[in-house]
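S.K.: Below: one structure in structure tokens.
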Amino acid sequence: MTKSITVLLADDHELVREMLAERLGNEPDIEVVASVADAGEALEAARDCAPDVLVLDIDMPGRSVFEVATEIRKLHPSARVVFLSAHLTDQYIEQALEVEAAGYLTKDEPTSRLIDAIRAVARGATHFSSSVSERIVIDEHGAHLGRDHLTRLRLLTQREVEVLGHLAQGLPKKSIARLMNISVKTVEKHCDHVMEKLDIHDRVQLARFAIREGLSQP
Amino acid sequence: MTGSIDIRQDRDPLARGFPWVWVGSAIVLTVFMFVGLAWHVRSTFEVGREVAESYVASDRLRDLMTELQQQLATTAILLIATHDPSWQTRHLEVEAKLQEALRETIDNSASGYNQAALIQARDAVRELSRIESEATTLADWGEVNEGLSLLSGEEYRGWQRRFLEASQLFIDDHRRFLNERLLIQEAREVQSLGVAFMILLLSLAIWIALVRRLRRWGAALDQASRIRRQLEAELLQSQKMEAVGRLASGIAHDFRNLLTAIRGYATVARQKIQGDHPASHALGRVEEAADQAEGVIRGLLTFGRRSVAEKQAADVGKLVIRGVGWVQRMVPASVELQTDLADDADGLWVLADPVQLQQVLLNLVVNACDAMPGGGRLHIAVDRVTSGASARVTMAVSDTGCGMTREVAERAVEPFFTTKSVGEGTGLGLSMAHGIVAQHDGSLAIDSAPGRGTTITISLPAIPAPVISELPAPDTTALDTGQGLVLLAEQHPYARQIMSTALEAAGFTVVPTADGPAVQDQLSNTDENPVLAVLDARLPGVGSADRVDWLRRAGYPGPVLLVGGSFDDADATTSADDSVFLLNKPVRVAELKRLALGMTRANPDKTGVI
């Protein structure tokens, strides 16, 4: 008889978690050994039962699921991690690739895709949603999100990002200079660089960009 | 809905600093003017006083000289007539006094007196004294009449006349001198008046400049205030849309979780019942409803920019041309569709997800058609707008429909806001368009008025046309599936897993290896001949210069995909070999898959020849 793939499920939505546990439990080669509601519990459960595959929801309260995934992989290097999320963001994908996730699926995909993914990663392959896999690039350091998709915020220095945040809040340059303990001329220089790098030349668009990037809270 | 305010013009007009130079100049000019005026007042009064005093003094001198000369004549006559020695003494005193007065006046050159006239007067006095002396001598000899005749003679009167003329000349010249001095002073004052007038003009110019500067400052402050208000309004709108977007995303996130459970349980239930079970139909309806709900969630997530965009260089003009092809089917016959694509030399390129942009076009066209139930004209225009150093590509969709009120236009992009009848629209079309455009760093503007139709313009940052205008679409029908064994040699374990899975997904059987010896083992032990070798250019255990030769020596003659960070001249030589392809990292997984399929098709005769 083929050895069952042991799976740890972590999702804060009880209905989803229970449905997945039941659905996976119906598969002959998959055994759900733990079903938990947050990343911290997942770490504890992984210590106890050392599952082959961890299915982790990304949007859970409490500890960062990516940190926990890293810790679990240190404890059990052979453990394979499949991330689940309700929607995709560049940040999620980049972080998932950083922790060398074996898979990444979105919840709008049929559950059968998750079952396929569990089987694939259990045998050493990877399994990503097509919208994720098409954006993965291989470089000298492993696998990452393609640079075309990285936010233009990455073009700015930390100092320029700070100036952009203040500008988006509507602060005059004098106040920004005072806040950052630099001269007004330096603030103006940062502004010019920010506008040049982002190719945005008016304050409204800058503010919108900053809001979109989470630099300014509405 | 959007504005374009150049931040570089939005500077504090008062931030240039206080004009100390102007103020300093004004103070210096004022001080100079008043000090100069005081000096001129003093100088004028001084000159006036000196002239007046000199005038009186010269008159007195002339009177004194005339009187003394008369006294000389009188005393001489009386001395001759009376022989009284006291007249002799008196005569000598008067003569000495007159000579002394003349000598002093002649010596005082600073007084500006006419020296020549005085010398002439002095000579006349000497001649008169000589004649008087001769007359007294004659009187002493007893020839009184002859003496008196000399004093009344022509010569004596002549010298008296000359003395008087010299005195008159002296006084006339002196008065002329004094008048000239007054005229010089007057000219100097006129000059000073001119300078003062110039200073006054300069001061006026400065004041006028200050007034104009104040007006400019006022105008700049007005403009800054206007820009600020506009900025705040637009920022408020952005923040509102952002908040609504977050709310929509949050709802969609939770709703999708519930939907996952619903769909999952429906599947579980379907597994547990027979195909002709009475509940089967109901389960089918549940799944159908869940699929529809999924569409709503996708729309909400797109509005909240929680969908991912596969951005690439895209020509909006070509996208519209392609889009119009299938959009035409949705446009009623009563609506006339027109397109207007700018013929810009720089192209209409943007960095965007083509699928999402076509989604925007579709949504805008659907809305436009819905606004013209009785027919009308639908116009799609694409243009490139350059402002300074930045350029944008705009796509405007206009209709001649019923239009919107300002209130409706302001809320048009809010999710679930619709003016359509229940069941005719989700209220997400424009929201999704807004979300997509925002995700592409663009803006969406609505220009509409009731009865005047609507124009919705999206604007995206333009990019230069790529060197290769458009990659040819891969022949997916021919390249869909690969077959055979692929030898994959990649040192990085995670990258190896992903590459391996991608190649397997393409239909290949993959043999993953981590270093040179493992490759050699695989080549010597496998029964099946690889159709392709994908080789990491920095694979441990393989020389850096002759990787393909090394592979050939290991017994593999087939196509090689050499993947690396950088390649040298030796690699360039290697690449001349048709069966070798150099691929620079970073490498897209999708690209790897396409290349593997293409290389195995292009080299069928070179594979499997071990």
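Readers should treat all values here as calculations from the given coordinates under stated rules, not as data from a laboratory. Here the structure is a predicted model, which is why all the values come from computation and not from measurement. So basically every Cβ, Gly included, is an ideal-geometry build from the backbone, and we count neighbours across all protein chains shown.
S.K.: Kindly provide the helix-only [θ] at 222 nm of chain B, computed as the sum of -39,500 (n - 2.57) over DSSP H runs of four or more divided by all residues, to the nearest 500 deg cm²/dmol?
M.R.: -21000 deg cm²/dmol
S.K.: Only counting other Cβ atoms within 10 Å, I'd like B:V393, B:V560, B:V47 sorted with the fewest neighbours first.
M.R.: If I rank by nearby Cβ atoms, fewest first, I get B:V47, B:V560, B:V393.
S.K.: What does DSSP give for chain B in terms of the percent of beta bridges that are antiparallel, rounded to the nearest 5?
M.R.: Approximately 55 percent, going by the DSSP bridge assignments.
S.K.: Rounded to the nearest Å, what's the spacing between the alpha carbon centres of region B:108-161 and region A:25-69? Just the number, please.
M.R.: 148 Å
S.K.: Multiplying the sequence separation of B:A293 and B:E186 by 0.36 nm and subtracting their Cα-Cα distance, what value in nm do you get?
M.R.: 28.2 nm
S.K.: While we're on this one: Return the distance in nm (one decimal) between the two label points of a simple spin-label model at B:V35 and B:R212, each offset 7 Å from Cα along Cα→Cβ.
M.R.: So the label points at B:V35 and B:R212 sit 3.0 nm apart.
S.K.: Would you tally the net charge around A:P61, using a Cβ to Cβ cut-off of less than 10 Å, leaving A:P61 out, and scoring K and R as +1, D and E as -1?
M.R.: -2
S.K.: For region B:514-531, what does the Karplus curve 6.51 cos²θ - 1.76 cosθ + 1.60, with θ = phi - 60°, yield as ³J(HN,Hα) per residue in whole Hz, taken in order and with x for Gly and Pro?
M.R.: 10, 7, x, x, 5, 4, 4, 4, 4, 5, 7, 9, 6, 7, 8, 7, x, 8
S.K.: Could you line up B:H492, A:H193 from fewest to most neighbouring Cβ atoms inside 10 Å?
M.R.: A:H193, B:H492
S.K.: Another question, then. By Kyte-Doolittle mean hydropathy of at least -1.0 and Cα axial length of at least 18 Å, which whole DSSP H helices of chain A are selected?
M.R.: Within chain A the helices that satisfy the rule are A:184-198.
S.K.: Helix B:316-327 versus the longest principal axis of chain B: what is the Cα-based angle in degrees, 0 to 90, to the nearest 10?
M.R.: 40 degrees
S.K.: Using only Cα atoms, locate the centre of region B:349-407 and the centre of region B:536-555, then give the distance between them in Å, rounded to an integer.
M.R.: Cα centroid of region B:349-407 versus Cα centroid of region B:536-555: 55 Å apart.
S.K.: Also, quick follow-up: Run through region B:89-173 and list the trypsin sites (Lys or Arg not before Pro) located in a DSSP loop whose Cβ has at most 11 other Cβ atoms within 10 Å.
M.R.: Here no loop site has a sparse enough neighbourhood.
S.K.: Can you count the Lys pairs in chain A with C-alpha separation below 16 Å, eight or more apart or on different chains?
M.R.: Value for chain A: 5.
S.K.: Please pull out the direction-averaged projected area of the protein assembly as shown, using the convex hull of its alpha-carbon atoms, in nm² to one decimal place.
M.R.: For the protein assembly as shown, the mean projected area of the Cα convex hull comes to 66.7 nm².
S.K.: If exposed trypsin sites (Lys or Arg not before Pro) are those in a DSSP loop with at most 13 other Cβ within 10 Å, what is the longest stretch of chain A that has none?
M.R.: Between exposed loop sites, the widest span is A:4-122.
S.K.: What is the magnitude of the charge dipole of chain A about its Cα centre, with +1 placed on the Cβ of each Lys and Arg, -1 on the Cβ of each Asp and Glu, and no other charges, expressed in debye to the nearest 20?
M.R.: Result for chain A is approximately 1040 debye, rounded to the nearest 20.
S.K.: Let me ask something additional. Between the helical axis of B:115-140 and the dominant principal axis of chain B, each derived from Cα atoms, what acute angle in degrees is found, rounded to the nearest 10?
M.R.: 10 degrees
S.K.: Then there's this: Out of all DSSP beta bridges with both ends in the protein assembly as shown, state the antiparallel percent to the nearest 5.
M.R.: Among the beta bridges of the protein assembly as shown, antiparallel pairing accounts for roughly 45 percent.
S.K.: Moving on. Per residue of B:434-443, how many C-beta atoms from partner chains lie within 10 Å of its own C-beta, taken as a mean?
M.R.: Mean shielding count: 2.
S.K.: Could you please rank B:T419, B:T513, A:T157, placing first whichever residue has the fewest other Cβ atoms within 10 Å of its Cβ?
M.R.: Exposure proxy ranking, most exposed first: A:T157, B:T419, B:T513.
S.K.: Report, as an integer, the average count of C-beta atoms from other chains found within 10 Å of each Cβ along A:16-25.
M.R.: For peptide A:16-25, the averaged partner shielding equals 4.
S.K.: Per 0.36 nm of contour for each residue apart, how much would the distance between A:K197 and A:S78 grow if the chain were fully extended, relative to their Cα-Cα spacing?
M.R.: 38.6 nm
S.K.: Can I ask one more? If you line up the long axis of helix B:429-439 against the longest principal axis of chain B, both from Cα atoms, how many degrees apart are they, to the nearest 10?
M.R.: Taking the Cα atoms of chain B, the angle to B:429-439 is about 60 degrees.
S.K.: Which residues among region A:60-78 fall inside the zone where the amide N is under 13 Å from a point 7 Å beyond the Cα of A:R47, along Cα→Cβ?
M.R.: Output list for this probe position: A:71-72, A:75-76.
S.K.: Expressed as a rounded percentage, what relative contact order does region B:88-212 have, with Cα pairs under 8 Å and six or more residues apart?
M.R.: Dividing the mean separation by the residue count of region B:88-212 yields 24 percent.
S.K.: Take every residue in peptide B:179-191, count the Cβ atoms of other chains within 10 Å of its Cβ, and give the average of those counts.
M.R.: The per-residue average across the peptide is 0.
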